[in-house]
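What follows is a single structure, written as structure tokens, with notes after it.
The values are calculated or read from the model by the stated rules, or taken from the named source; none is laboratory data. In this text the structure is predicted, and so the values were computed from the model without any measurement. Cβ coordinates were reconstructed from backbone atoms using ideal geometry, including for glycine residues, and neighbour counts include every protein chain displayed. Surface areas here come from the heavy atoms of the whole protein model, side chains and all, with no ligands, DNA or RNA. Shrake-Rupley method; radii C 1.70, N 1.55, O 1.52, S 1.80 Å.
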Amino acid sequence: MRRISPVLQQDGVEPDLIALLKTILAACREIAFRVSQGELAGVLGSTLGENIQGETQKKLDVIANELLKEVILETGVVKAISSEEEDTIVAGNPKGKYLVTFDPLDGSSNTDINSLIGTIFSILPADPAKEADDASLFLQPGTAQVAAGYVLYGPSTMLALTTGHGTRLYTLDNTYGGFLLTEDQAAIPKYTTEFAINMSNQRFWQEPMQHYIADLLLGKTGTRGKNFNMRWIAAMVGDVHRVLCRGGIFAYPTDTKDPQKPDKLRLMYEANPMSFLVEQAGGVSSTGYQRIMEIIPIDIHQRVAVILGSKHEVETCIGYHKA
Ligand code: AHG
Ligand code: MN
Ligand code: MN
């Protein structure tokens, strides 16, 4: 089985970017180890603090954020980072070529139940003309990403990575200490009978999503003419991983549950990197009205509606938004 560097070299990825990715993965290996130790390492439970988005921080959110921040800034090739757990961007080397955005720990509520969690990251080019503490550096659409990936801390620790040459899956080999290529070309099936959505929000959705899900639930007896199954992991990394492995549609639509927060998922830390991975595996990712990767961000912490996965199913869902 192949290691990461030769695969990326074969794809013509710049040595500095390869080194940066390997540094991020080294931090993720450390996070994976601490996650595996669980209560023994005293990493479970909440802190007394909240992040900028008013969410309670878990101890692991903070530990993962600190680990990633430190090693990424030490590389010298990163001009600034932006994290879900940081109020503002953090400046690095003014001459750095890259920007890194990350969700240090996705699915943090799952830490309490020993269930799936992960780290999501995205790498953007840095504008040499801007200062390292200028947040507008990050206001680039997802199409500008040079790499994106996630590390899933599951029964095995897995990496999904794209640099724009397809989406590859790797598995952490603890005997060797690195990630080995286990799926050279993830390919999301075009058709699916599996959907993932938090059904408890149903009454708060807008009309297009109400109608789309209602038709899925009618199954064989409705216009879709086939039965659908449902899954919800409450960690986007887990749900997107399933979609990459066997297809499906994953949606976190706009809702009116909390008028201050009509969308849940974050564009920079979750939606864009996952959209890059999904598109590179032949899937589609949209808000229902627009391709996610074409959104021009106006704020580093902005949130967005997400519908992604199997091409035919996501396009069908988008169709309900046009009606
Ligand atoms: P995070 O743990 O980084 O805050 O993200 C959790 C996100 C996402 O991973 C998941 O799909 C969604 O929140 C789950 O939301 P519900 O709790 O509303 O199901
Ligand atoms: Mn998250
Ligand atoms: Mn998070």
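Could you please give the count of residues in region 244-268 that are touching a Phe, Trp or Tyr at 6+ places or on another chain (Cβ under 6 Å) and either within 14 Å of ligand 2 (Cβ to nearest atom) or not polar (S, T, N, Q) (or both)? Talk me through it step by step, then tell me what you get.
Of all residues in region 244-268, those touching a Phe, Trp or Tyr at 6+ places or on another chain (Cβ under 6 Å) come to 249, 253, 255-257, 264-265.
Narrowing further to those that are either within 14 Å of ligand 2 (Cβ to nearest atom) or not polar (S, T, N, Q) (or both): 249, 253, 255, 257, 264-265.
Selection size over region 244-268: 6.
Let me confirm something: among Ala160, Ala144, which residue is under 19 Å from Ala19 (Cα atoms), of a type in the set (A, V, I, L, M, F, W, C) and under 19 Å from the mean Cα position of the chain (by Cα)? Explain how you work it out, then say what you get.
Working: Ala144 fails: under 19 Å from Ala19 (Cα atoms).
Ala160 is the lone residue from the list that is under 19 Å from Ala19 (Cα atoms), of a type in the set (A, V, I, L, M, F, W, C) and under 19 Å from the mean Cα position of the chain (by Cα).
Hey, can you tell me all the residues within region 29-53 that are in contact with a Lys or Arg (Cβ under 6 Å, 6 or more places away or on another chain) and surrounded by 13 or more Cβ atoms within 10 Å (Cβ to Cβ)?
Ala41, Val43, Ser46, Thr47
Just to be sure I understand, how many residues within region 200-225 are among the basic types (Lys, Arg) and out of contact with any helix residue (DSSP H, G or I) (no Cβ under 6 Å at 6 or more places or on another chain)?
2
For region 234-260, enumerate the residues that are buried (at least 19 other Cβ atoms within 10 Å of the Cβ) and of a type in the set (A, V, I, L, M, F, W, C).
Correct list: Ala235, Met236, Val237, Val240, Val243, Leu244, Ile249, Phe250, Ala251.
Provide a single number: the residues in region 220-233 that are free of Cβ contacts under 8 Å to residues at least 12 places away in the same chain and either open to solvent by less than 10 Å² (accessible area, probe 1.4 Å) or not polar (S, T, N, Q) (or both). I'd like the intermediate steps shown before the answer.
Going through region 220-233, the residues free of Cβ contacts under 8 Å to residues at least 12 places away in the same chain turn out to be 220-225.
Those left that are additionally either open to solvent by less than 10 Å² (accessible area, probe 1.4 Å) or not polar (S, T, N, Q) (or both): 220, 222, 224-225.
Selection size over region 220-233: 4.
I need the full set of residues from region 274-287 which are in contact with a helix residue (DSSP H, G or I) (Cβ under 8 Å, 6 or more places away or on another chain) and part of a helix (DSSP H, G or I), in order please.
As a first pass, look at region 274-287 and keep what is in contact with a helix residue (DSSP H, G or I) (Cβ under 8 Å, 6 or more places away or on another chain): 274-279, 281-286.
Hits for region 274-287 are Met274, Ser275, Phe276, Leu277, Val278, Glu279.
Residue-wise test of (1) in the same structural domain as Cys28 (by TED's automatic domain parsing); (2) open to solvent by 10 Å² or more (accessible area, probe 1.4 Å); (3) within 16 Å of ligand 1 (Cβ to nearest atom).
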| site | (1), (2), (3) |
| --- | --- |
| Phe121 | yes, no, yes |
| Lys130 | yes, yes, no |
| Asp133 | yes, yes, no |
| Tyr150 | yes, no, yes |
| Ala160 | yes, no, yes |
| Thr167 | yes, no, no |
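Any idea which of (1) under 20 Å from Val304 (Cβ atoms); (2) over 20 Å from the mean Cα position of the chain (by Cα) is the one Asn229 doesn't satisfy?
Unmet for Asn229, out of (1) under 20 Å from Val304 (Cβ atoms); (2) over 20 Å from the mean Cα position of the chain (by Cα): (1).
Mind counting the residues in region 172-212 that are out of contact with any Phe, Trp or Tyr (no Cβ under 7 Å at 6 or more places or on another chain) and away from ligand 1 (no atom under 16 Å from the Cβ)?
19
How many residues are over 19 Å from His211 (Cα atoms), of a type in the set (Gly, Ala, Ser) and either over 18 Å from the mean Cα position of the chain (by Cα) or open to solvent by 30 Å² or more (accessible area, probe 1.4 Å) (or both) when one looks only at region 268-323?
Result for region 268-323: 1.
Yes/no per residue for (1) farther than 30 Å from Arg2 by Cα; (2) surrounded by 15 or more Cβ atoms within 10 Å (Cβ to Cβ):
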{"site": "Gln185", "(1), (2)": "no, no"}
{"site": "Pro189", "(1), (2)": "no, yes"}
{"site": "Thr192", "(1), (2)": "yes, yes"}
{"site": "Phe195", "(1), (2)": "yes, yes"}
{"site": "Met199", "(1), (2)": "yes, no"}
{"site": "Ala214", "(1), (2)": "yes, no"}
{"site": "Leu218", "(1), (2)": "yes, no"}
